[in-house]
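What follows is calculated from the coordinates using simple rules that are stated; it is not laboratory data. Please read all numbers here as calculations on a predicted model, not as lab measurements. Don't worry about glycine lacking a Cβ; one is built from the backbone with ideal geometry, like all the others, and counts go over all protein chains shown.
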Amino acid sequence: MRIVIIGAVAAGTSAAAKARRNNEDAGIVIYEKDNYISYSGCGMPYYIGGEVESADELTPRDPAFFKSKYNVDIFTRHEVLAISSDEKSVTAKNLITGCVHRSLR
Ligand SMILES: Cc1cc2nc3c(=O)[nH]c(=O)nc-3n(C[C@H](O)[C@H](O)[C@H](O)COP(=O)(O)OP(=O)(O)OC[C@H]3O[C@@H](n4cnc5c(N)ncnc54)[C@H](O)[C@@H]3O)c2cc1C
């Protein structure tokens, strides 16, 4: 089984961790169009207000963490452009290279 998740903040990373707990063998991939994953949106006012000094404190986890702990591949700066439920595929664009690829189940 291959599981593709779009978005790597609270919902996406929680879904990936839960999917891994339910299935040790599934291939799990997350596409995230932003640079950061699993960040604390709730903490942003504290960063802007100066109570949190470094933005790094709001982004405690990175793709390497999810790879080593959950064997989940996270592709940041990848925007999903289309989903085909018939083909069970997603089309994603690498926002750095401009390359577009289709990922099949
Ligand atoms: C200032 C602020 C304060 C907050 N305070 C609180 C609080 O006190 N308590 C509380 O419970 N909640 C709070 N929240 C809300 C909380 O941060 C959100 O509920 C939470 O971030 C939602 O997470 P999510 O994963 O559902 O969605 P999002 O955080 O919106 O994440 C979705 C991700 O999907 C990515 N994405 C979307 N479309 C695509 C695509 N086509 N391809 C690839 N990636 C895509 C986006 O880049 C985004 O990173 C606050 C939010 C803000 C902004």
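Observations
- For the stretch 39-47, putting each phi into the Karplus relation 6.51 cos²θ - 1.76 cosθ + 1.60 with θ = phi - 60° gives couplings of 8, 8, x, 5, x, 4, x, 6, 5 Hz, in residue order, rounded to whole numbers and with x for Gly and Pro.
- With respect to the chain, whose longest principal axis is taken over its alpha-carbon atoms, helix 10-22 is tilted by about 50°.
- Normalised size of the chain, defined as Cα radius of gyration per 2.2 N^0.38 Å with N residues, equals 1.16.
- Magnitude of the charge dipole for the stretch 2-75, about its Cα centre and with charges confined to Cβ atoms of Lys, Arg (+1) and Asp, Glu (-1), is about 440 debye.
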